[in-house]
1. Tell me the label-point distance for the pair residue 8, residue 113, using the 7 Å Cα-to-Cβ offset, in nm and rounded to one decimal.
2. Suppose R0 equals 30 Å. What FRET efficiency, 1/(1 + (r/R0)^6) with r the Cβ-Cβ distance, do residue 76 and residue 1 give to the nearest 0.05?
3. Provide the gained length on full extension for the span residue 103 to residue 38, in nm with one decimal, where the gain is 0.36 nm per separating residue minus the Cα-Cα distance.
4. With angles folded into 0 to 90 degrees, how steeply does helix 106-119 sit against the dominant principal axis of the chain? Use alpha carbons for both and round to 10.
5. Stick to the Cα atoms of segment 7-136, pair each with every other, and give me the Kirkwood hydrodynamic radius in Å at one decimal.
6. Let a ≥ b ≥ c be the square roots of the eigenvalues of the Cα gyration tensor of segment 88-129; is it rounded (a/c under 1.5), or, if not, prolate (a/b larger than b/c) or oblate?
7. Just to confirm my numbers, what's the Cα centroid distance between segment 1-58 and segment 110-138 in Å?
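Rule-based calculations on the coordinates, nothing more; no lab input. Everything quoted here is computed from the prediction, not taken from an experiment. In this analysis, Cβ positions are derived from the backbone assuming ideal geometry, glycine residues included, and neighbour counts consider all displayed protein chains.
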């Protein structure tokens, strides 16, 4: 049986990956001439940047997890994504688990945390439907 990584170890990995996504989205946006104030103040620009960041986050997680089984944040914390049986994930599993970030991420990831805590098996919605699990690989 494959043991899930704890929420305690997953959280700093998640925050690291979120920081990378922010840099990948916000730095080029500001470099293109969009004022930082427009990005953080409520309004159309902030909504557009949010959609951009969601797209970047999907591609970042989808490609890295599919190709390497991990992300930068997960790698730094000794974590990886595996199929339920412990084998490497493929394109399908990575796509499903990351497409469901749109739901898992609601409420500042409150949905994902609630599902992980209620289920007790370390799985957020994306893991349930993708048949994946975040595990310690260190």
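1. Distance between label points: 1.6 nm.
2. Details: r = 26 Å, r/R0 = 0.86.
So the FRET efficiency works out to roughly 0.70.
3. Numbers: separation 65, 0.36 × 65 = 23.40 nm, distance 2.60 nm.
Stretched out fully, the residue 103 to residue 38 stretch lengthens by 20.8 nm.
4. Computed tilt is about 10 degrees.
5. Numbers: mean 1/r = 0.0655 Å⁻¹.
Taking the inverse mean of 1/r over all distinct Cα pairs, segment 7-136 comes out at 15.3 Å.
6. Details: a/c = 3.37, a/b = 1.45, b/c = 2.32.
Judged from the Cα gyration tensor, segment 88-129 comes out oblate (a/c at least 1.5, b/c at or above a/b).
7. After rounding, the separation between the Cα centres reads 21 Å.
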